[in-house]
Amino acid sequence: MATLASSPPRGAPPGHATGELVFRYACAGAATLLMAALAGVVVSLFVGGLPAFRAFGLGFLTSTTWNPVTETYGAAGPIVGTLITAFLSLGIALPLALGVSVFLVEFCPTRLSRPIAIAVELLAGIPSIVYGMWGLFVLAPWFAAHVQLPIVMHATPGGWVDKLFAGTPNGANIFTASLILAIMILPYMAAVFRELFLTVPPQVREAAYGLGCTPFEVIRAVVIPYVRRGMIGVIMLGLGRALGETMAVTFIIGNSHGFPHSLFDSGSTIASTVANEFAEATSDLHTAALIGLGFVLFVITFAVLAVARLLLREKQA
């Protein structure tokens, strides 16, 4: 096992050993500080939410009742809303991000690909509250008038379309929140996918084209397998961002704590619930329930990243 400090190489300057030792300890200290901060966050969230966990037990995770008046809190509604919006937004954004990145790398002229790529990267840096305000004042009214209302009016009562898209046509629902999240994570995923595809050696692509492969076959059989491990990481990071998004979702999801019964039904997420109520919590139990929600969100995000690591390890093996 290698020790933290090692003997300096022959012919090194007199201060080489001391500088190397300081550098090694500085790097080790930075890593230790990061882990200590992470552990502190986990412990603080758990201790802060412990009164709610003790008061409601497993019912805190399975109940949908959230009533500050009667001091009854259940996190099932926000948990389900978080998972639905995150995975639905990922399902919308992933094929679009792949399409954008493939176009920029394979088909777009060189003089245009760079400016478009810069524009995509700039979109990834727009603050989430800007997306939320645009969704509230522009997307939600347009979506309610031109998409939600026609679907609701023409759906057969009792049919699967009616059950899947039932809801008040006001634009504030699970689907529009997922759409906003998809728009937010799309530029980020497209930009990183593009950088991954550019790491494929040109000789590999040229060899595939020389064998008579079509562009689709080159992407499917050469490019994607070459960067598969990186793609899994990007997908999981995009999912992690969607899980923790706050303001954009708070503006447009409807903020209802019950189970959503359709895609056009109002709902809530863990982050939106904490953002809406933390400043107005009137009791210690209410505050503990919100902190407990934060701990649950941390566990969900950690589980997603852990699954990503397992997938990467399997691909590497």
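The values are calculated or read from the model by the stated rules, or taken from the named source; none is laboratory data. All of these numbers come straight from a predicted model, not from anything done at the bench. Counting neighbours? That spans all protein chains shown, and the Cβs are built from the backbone with ideal geometry, glycine included. Ligands, DNA and RNA are stripped out before the accessible areas are found, and what is left, the full protein with its side chains, is counted by its heavy atoms. Shrake-Rupley method; radii C 1.70, N 1.55, O 1.52, S 1.80 Å.
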**OP:** Assess whether residue 187 counts as being more than 20 Å from residue 94 (Cβ to Cβ) and touching a helix residue (DSSP H, G or I) at 6+ places or on another chain (Cβ under 9 Å).
**Re:** no
Subject >> Subset of the stretch 120-130 [open to solvent by 60 Å² or more (accessible area, probe 1.4 Å) and among the hydrophobic types (A, V, I, L, M, F, W, C)] >> reply: 122, 123, 129, 130
Original post:
Which residues, taken from the stretch 67-84, are in a helix (DSSP H, G or I) and buried (at least 20 other Cβ atoms within 10 Å of the Cβ)?
Top reply: 77, 78, 79, 81, 82
Subject >> Count of residues meeting criterion [within 20 Å of residue 190 (Cβ to Cβ), surrounded by fewer than 18 Cβ atoms within 10 Å (Cβ to Cβ) and in contact (Cβ under 8 Å) with a residue 12 or more places away in the chain] in the stretch 207-221 >> reply: 1
Original post:
Does at least one position in the stretch 168-178 carry a residue that is under 30 Å from residue 222 (Cβ atoms) and assigned to a helix (DSSP H, G or I)?
Top reply: no
Subject >> Positions within the stretch 267-290 being open to solvent by 40 Å² or more (accessible area, probe 1.4 Å) and in contact (Cβ under 8 Å) with a residue 40 or more places away in the chain, in sequence order >> reply: 282, 284, 285, 287
**OP:** Answer with yes or no whether residue 143 is of a type outside the set (Asp, Glu), more than 21 Å from residue 80 (Cα to Cα) and free of Cβ contacts under 8 Å to residues at least 40 places away in the same chain.
**Re:** yes
Subject >> Filtered residues of the stretch 131-148 (kept if hydrophobic (A, V, I, L, M, F, W, C) and open to solvent by less than 70 Å² (accessible area, probe 1.4 Å)) >> reply: 136, 139, 140, 143, 144, 145, 147
Original post:
Say we look at the stretch 94-108 and pick out the residues that are out of contact with any Phe, Trp or Tyr (no Cβ under 6 Å at 6 or more places or on another chain) and buried (at least 20 other Cβ atoms within 10 Å of the Cβ); which of these is nearest to residue 233 (Cα to Cα)?
Top reply: 94
Subject >> Tally of residues being assigned to a helix (DSSP H, G or I) and of a type in the set (Ser, Thr, Tyr) across the stretch 205-237 >> reply: 2
Original post:
Scanning the stretch 198-225 for residues that are touching a Phe, Trp or Tyr at 6+ places or on another chain (Cβ under 9 Å) and of a type outside the set (A, V, I, L, M, F, W, C), which turns out nearest to residue 131 (Cα to Cα)?
Top reply: 199
**OP:** Determine if the stretch 37-45 includes at least one residue that is open to solvent by 40 Å² or more (accessible area, probe 1.4 Å), under 27 Å from residue 189 (Cα atoms) and assigned to a helix (DSSP H, G or I).
**Re:** yes
Original post:
Based on what the data block shows, is residue 243 touching a residue at least 40 places away in the same chain (Cβ under 8 Å), within 30 Å of residue 164 (Cα to Cα), part of a helix (DSSP H, G or I) and open to solvent by 20 Å² or more (accessible area, probe 1.4 Å)?
Top reply: no
